[in-house]
Every structure is written in structure tokens, then in C-alpha cells.
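Enquirer: Dropping the structure in here first, questions after.
The values are calculated or read from the model by the stated rules, or taken from the named source; none is laboratory data. All values reported here derive from a predicted model rather than from experimental measurement. Here the Cβ is made from the backbone with ideal geometry for all residues, glycine too, and neighbour counts use every protein chain on show. Note: areas computed on protein heavy atoms with side chains; ligands, DNA, RNA excluded. Shrake-Rupley method; radii C 1.70, N 1.55, O 1.52, S 1.80 Å.
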Amino acid sequence: MARTGRPKAELVLSDEERAQLVRWSRRAKSSQALALRSKIVLACADGLDNKSVAAKLNCVPATVGKWRRRFVTRSGQGAASSSSPTNAWTPPRSRSCGTP
């Protein structure tokens, strides 16, 4: 019996995109969040469904769906760019002792 439900967007990677995602997922200096997003996109591109990717990477299926969708809609920029406000955070400037 065929599965019903919302169809997933097809995720196809170019050689350059795949190489960049592999670098991000393996690089020691990458943030853990970026590495996870890269692994999610790579697994989705290999044809796995969201539940399988989530089980493989120990995260929830909603996270997999979010990054699959973002990568497809942003055509390759989804893994590196996030709309979360924490990415916009900049460290405070140091102040001298006498000024507030």
C-alpha cells in the first residue's frame, strides 16, 4: 500500500553543494548546529525520508523537515543561513571602567 501524506520536496545537490556540506559536517571548527544541518541535508539528498534521517542523526523529524524545506527553498543556502536571532548576535564592546 502506498503511503499517503504531503509529498516532500525533491532535494538534489550539485557537486559543489555536496562538497561544501561534507566539509561543514566534518570540519572541527564548524558549529555543531551547522554540522547537524549539513548532515540532515546530505542524508535527505541520499533519498532517506525524514523519520529515517531523524533516527540516524538523533533529532526530531520536525527538525529534518525544517532544514529540508529551507534548503530547497533557498536553493543551497539553507544550511548556512538561519533566521534565528542568535546568529545576529554580536559580542558587546568592551567599556572603560568609568563609562556606563
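Enquirer: Taking into account only those residues within the stretch 1-59 that are small (Gly, Ala, Ser) and in a loop (DSSP other than H, G, I, E, B), which is nearest to VAL72 (Cα to Cα)?
Expert: At the first step, the residues of the stretch 1-59 found to be small (Gly, Ala, Ser) are 2, 5, 9, 14, 19, 25, 28, 30-31, 33, 35, 38, 43, 45, 47, 52, 54-55.
Narrowing the set further to residues that are in a loop (DSSP other than H, G, I, E, B) leaves 2, 5, 9, 14, 28, 30-31, 47.
Details: ALA2: 24, GLY5: 19, ALA9: 7, SER14: 12, ALA28: 26, SER30: 22, SER31: 22, GLY47: 14 Å.
In this case the residue turns out to be ALA9.
Enquirer: Now for a different question. Among the residues that make up the stretch 73-84, is at least one of them open to solvent by 30 Å² or more (accessible area, probe 1.4 Å) and modelled with pLDDT of 85 or more?
Expert: Yes, because at least one residue in the stretch 73-84 is open to solvent by 30 Å² or more (accessible area, probe 1.4 Å) and modelled with pLDDT of 85 or more.
Enquirer: Related question: What single numbered condition from (1) surrounded by 11 or more Cβ atoms within 10 Å (Cβ to Cβ); (2) out of contact with any helix residue (DSSP H, G or I) (no Cβ under 7 Å at 6 or more places or on another chain) fails to hold for ARG68?
Expert: Of everything listed in (1) surrounded by 11 or more Cβ atoms within 10 Å (Cβ to Cβ); (2) out of contact with any helix residue (DSSP H, G or I) (no Cβ under 7 Å at 6 or more places or on another chain), ARG68 misses just condition (2).
Conditions (1) farther than 16 Å from TRP67 by Cα; (2) surrounded by fewer than 17 Cβ atoms within 10 Å (Cβ to Cβ); (3) at pLDDT 90 or above, marked per residue:
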position: THR4; (1), (2), (3): yes, yes, no
position: VAL12; (1), (2), (3): no, yes, no
position: ARG26; (1), (2), (3): yes, yes, yes
position: ALA33; (1), (2), (3): no, yes, yes
position: LEU36; (1), (2), (3): no, no, yes
position: VAL41; (1), (2), (3): no, no, yes
position: ASP46; (1), (2), (3): no, yes, yes
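Enquirer: Sort out which residues of the stretch 17-33 are polar (S, T, N, Q) and closer than 20 Å to ASN58 by Cβ, and write them in order of number. So that I can check it myself, show each step before the final result.
Expert: Residues of the stretch 17-33 polar (S, T, N, Q): 20, 25, 30-32.
Those that are polar (S, T, N, Q) and closer than 20 Å to ASN58 by Cβ: SER25, SER30, SER31, GLN32.
Enquirer: Yes or no: ALA88 modelled with pLDDT under 80, of a type in the set (A, V, I, L, M) and open to solvent by 20 Å² or more (accessible area, probe 1.4 Å)?
Expert: Values: modelled with pLDDT under 80: yes; of a type in the set (A, V, I, L, M): yes; open to solvent by 20 Å² or more (accessible area, probe 1.4 Å): yes.
Taking the combined requirement at face value, the residue satisfies it.
Enquirer: Follow-up question, since we're still on this one. Out of the stretch 48-63, which residues are among the polar types (S, T, N, Q), surrounded by 14 or more Cβ atoms within 10 Å (Cβ to Cβ) and over 13 Å from LYS8 (Cα atoms)? Spell out how you get there, then give the answer.
Expert: Going residue by residue through the stretch 48-63, those that are among the polar types (S, T, N, Q) are 50, 52, 58, 63.
After this cut, where a residue has to be surrounded by 14 or more Cβ atoms within 10 Å (Cβ to Cβ) as well, the list is 50, 52, 63.
SER52, THR63, listed by residue number.
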